[in-house]
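Shown next, in structure tokens, is the structure this report addresses.
The values are calculated or read from the model by the stated rules, or taken from the named source; none is laboratory data. Source: prediction; values computed, not measured. Please note: Cβ atoms are built from the backbone with ideal geometry, for glycine as well, and neighbour counts cover all protein chains shown. All accessible areas refer to the heavy atoms of the entire protein, side chains included, with ligands and DNA or RNA removed. Shrake-Rupley method; radii C 1.70, N 1.55, O 1.52, S 1.80 Å.
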Amino acid sequence: MPLSVHPLHAQIAGTGSTMLCLHGHPGSGRSMDVFSGYFCDRFQTIAPDLRGYGRSQTQQPFTITQHLDDLVALLDRHQVQRTIVLGWSLGGIFALELALRYPERVSGLILVATAARPWGDHPRIRLRDNLLTGVAGGLNFAKPGWQWNIDTFGRRSLFRYLVQQHRPDVYRFLARDAVYAYMKTSRQADRALNQAIRQGYNRVPDMAQISVPALMLMAAHDRHISPAASRETAKALPNCEWECFADTAHLLPWEIPEQLRARIDRWLVAHPEVIPMT
């Protein structure tokens with residue numbers, strides 16, 4: 001194993017062809033349960049904690065590109081030659097990078113709220129925003145999905161830029177997975193991402209190299225990665241379907257999980273060639 005590789009903790013379920021599920025920032029493999037817990041009936045789903053996240057902690061600094069080495073090593077460890085890659089937000093960027101750098105390992109791409117040239121229009125964060133978010137998040141962790149907290153604090157906090165549908169079930173996802181993801185995202189992971197952002201990132205000109213079928217799912221009110229950025233990527237990919245979902249934001253898998261899974265199901269039926277032979 002190369003010295004640059006960090007062994008990843010991963011949640012693995014099911015058997016058969018593989019679907020690699022990649023979380024965003026902050027995040028962890030359990031953030032992808034909304035997909036991996038559903039598709040494990042038909043696939044072997046592998047949902048890793050990326051380096052510096054969840055249970056894949058490290059004290060050593062690293063660069064964003066080293067995540068790719070870790071992921072290839074993870075596939076090798078589980079003897080996976082080719083896989084569908086499902087990536088949400090930053091995980092979608094890693095999915096695209098895997099397809100560019102290791103095309104022989106990727107059979108298809110499912111991209112959620114992501115882009116090859118990500119940009120957004122998130123408003124400036126004020127002290128009041130942080131205070132309200134702290135109160136809303138703390139109360140929601142103590143009493144998940146409490147409607148009074150949602151209406152009193154949640155809708156006025158930074159959650160208003162992450163979700164459009166302020167329902168108890170959405171806030172239960174936030175209590176279960178978002179708090180854990182935030183607490184288990186390391187300073188090293190923050191630094192690696194911030195360094196990459198400062199350097200700029202634009203892989204749109206390279207999207208023509210990706211020939212495998214792709215599906216792009218985006219949120220109409222995403223303030224973190226604009227739907228316009230997602231559409232730009234979808235149009236640059238030679239073989240990509242895309243859909244934009246109304247009344248959703250960056251955390252759309254927790255707002256409309258059934259709709260997204262149904263859309264992915266239809267895409268899988270239409271593109272049986274993305275399912276690698278076992």
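Here are the numbers for the structure shown:
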{"read-out": "For segment 1-154, accessible area per residue (1.4 Å probe, heavy atoms of protein chains only), Å²", "value": "41"}
{"read-out": "Share of carbon and sulfur in the accessible heavy-atom surface of the chain [1.4 Å probe, %]", "value": "54"}
{"read-out": "Inter-centroid distance (Cα atoms) of segment 40-89 relative to segment 215-238, Å", "value": "23"}
{"read-out": "Alpha-carbon Debye profile of segment 109-157, log10 I(q)/I(0) at 0.14, 0.19 Å⁻¹", "value": "-0.52, -0.72"}
{"read-out": "GNM result for the chain, Cα springs below 10 Å: residue of G120, G92, G29 fluctuating most strongly", "value": "G120"}
{"read-out": "Whole-number percent relative contact order across segment 170-267, with pairs defined as alpha carbons under 8 Å at least 6 apart", "value": "27"}
{"read-out": "Leading residue at positive end of dipole, the chain (Cβ point charges), from P7, Q81, H271", "value": "P7"}
{"read-out": "Mean shadow area of segment 1-41 over all directions, Cα convex hull, nm²", "value": "3.8"}
{"read-out": "Segment 1-148: relative contact order in percent, alpha carbon pairs under 8 Å with at least 6 residues between", "value": "22"}
{"read-out": "Dipole in debye (nearest 20) - the chain, about Cα centre, beta carbon charges: Lys, Arg +1; Asp, Glu -1", "value": "780"}
{"read-out": "Sequence-distant residues sharing a close amide H with V106 (under 5 Å, placed H)", "value": "T83"}
{"read-out": "Correct choice for volume of the Cα convex hull per residue in Å³ that was computed from the model, options (1) 121; (2) 112; (3) 147", "value": "(1)"}
{"read-out": "Ratio Rg/Rh, restricted to segment 24-85 and using Cα atoms, in which Rh is the Kirkwood radius", "value": "0.98"}
{"read-out": "Within segment 29-132: Cβ-based charge dipole about Cα centre, in debye rounded to nearest 20 (Lys, Arg +1; Asp, Glu -1)", "value": "220"}
{"read-out": "Accessible area per residue in Å² at 1.4 Å probe, computed on segment 237-278", "value": "48"}
{"read-out": "Estimated Rh, segment 143-278: Kirkwood, alpha-carbon pairs, angstrom", "value": "17.2"}
{"read-out": "Cα gyration tensor of segment 63-110 - equivalent ellipsoid semi-axes, whole Å, descending", "value": "15, 13, 9"}
{"read-out": "Computed Kirkwood radius, in angstrom, where 1/r is averaged over Cα pairs of segment 1-145", "value": "16.4"}
{"read-out": "For the chain, built as a Gaussian network whose Cα springs stay under 10 Å, the top-fluctuating residue of A13, A196, A178", "value": "A196"}
{"read-out": "Antiparallel DSSP beta bridges within the chain, percent to nearest 5", "value": "20"}
{"read-out": "Volume of the Cα convex hull of segment 182-237, divided per residue and given in Å³", "value": "132"}
{"read-out": "Estimated Rh, segment 98-187: Kirkwood, alpha-carbon pairs, angstrom", "value": "15.2"}
{"read-out": "Karplus 3J(HN,Hα) series, Hz, for segment 105-110 with 6.51 cos²θ - 1.76 cosθ + 1.60 (x for Gly, Pro)", "value": "9, 10, 9, x, 10, 10"}
{"read-out": "Among L162, L50, L109, residue whose mean-square fluctuation peaks in a GNM of the chain (springs only between Cα atoms under 10 Å)", "value": "L162"}
{"read-out": "For segment 81-92, Karplus couplings with θ = phi - 60° (6.51, -1.76, 1.60), whole Hz, Gly/Pro x", "value": "7, 9, 8, 6, 10, 10, x, 10, 6, 4, x, x"}
{"read-out": "Hull shadow area, averaged, segment 222-275 [alpha-carbon convex hull, nm²]", "value": "4.2"}
{"read-out": "Nitroxide proxy distance, nm - points 7 Å out along Cα→Cβ at D190 and L131", "value": "2.2"}
